[in-house]
Amino acid sequence: MSSDSIDMERRQFLTGTATVLGGVGASVAAIPFVSTFQPSARAKAIGAPVEANIDQIEPGQRVTYKWRGKPVWIVRRTEEQLKALEDSTAVLADPESAKSIQPVFAENSWRSLNREYLVLVGICTHLGCSPSFRPLLSDEIMGSDWQGGFYCPCHGSKFDLSGRVYAGVPAPTNMDVPPYKFLTDTRILIGESEEAGS
Ligand code: FES
């Protein structure tokens, strides 16, 4: 065998070895890169749907759950409060909820699957304060024409008992309705709905 052909064989061997090592190196390097994009168990738990029991909620009462780090309110509305929702739309900025964040099923006056139960993200849409619950019609602080709802103490925004914002206040939109669904008549799953993509 000539020295030229020995050199050629050696060069081909070295090229092949470098390719294989390069391939191994690439896959070793890829492992930590991919693993940084795997959600941790804690992150999964924070984003997971939350189950809520509603059988103990009295008419006119509100309970709070936490979902994705946010307060989610469930309010059981009385017949009187539901009627007020239809009667007082003149004071609202967006009574049809055309500009708000909500599932399609909430595109109605009561903004819910079951008109009796409101499920709402309890955060003001102005700068994120938590509004207080003022459920009474003719509240002594809110005035005789108050129809029940939520009042944000930070800058005075007002919302009705569907989370719809009053006209002329700082909050720009209605409060958000999260995705949710009924598992049974008395159990709600917050964070998942039957709608595509939720
Ligand atoms: S944060 Fe609610 S009115 Fe400003």
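The values are calculated or read from the model by the stated rules, or taken from the named source; none is laboratory data. Everything numeric here is computed off the predicted structure, so don't read it as measured data. Cβ coordinates were reconstructed from backbone atoms using ideal geometry, including for glycine residues, and neighbour counts include every protein chain displayed.
Consider residue 116 carefully, then state whether it is at pLDDT 95 or above and more than 22 Å from residue 172 (Cβ to Cβ). It is true that residue 116 is at pLDDT 95 or above and more than 22 Å from residue 172 (Cβ to Cβ).
Residues that are within 16 Å of the ligand (Cβ to nearest atom) and not small (Gly, Ala, Ser): find the strands (runs of 3 or more DSSP E) completely inside segment 55-144 holding 2 or more of those. Before the answer, list the steps.
Working: elements: 62-67, 70-76, 117-121, 132-134.
Fully inside segment 55-144 and qualifying: 70-76, 117-121, 132-134.
I need every pair where a residue in segment 79-105 that is among the basic types (Lys, Arg) has its Cβ under 8 Å from the Cβ of a residue that is modelled with pLDDT of 95 or more, sequence separation at least 6 or different chains. So the pair list comes out as 99/172; 99/173; 99/174. In the set (1) at positive phi; (2) within 17 Å of the chain's Cα centre (by Cα); (3) of a type outside the set (Asp, Glu), the condition left unmet by residue 60 is number (2).
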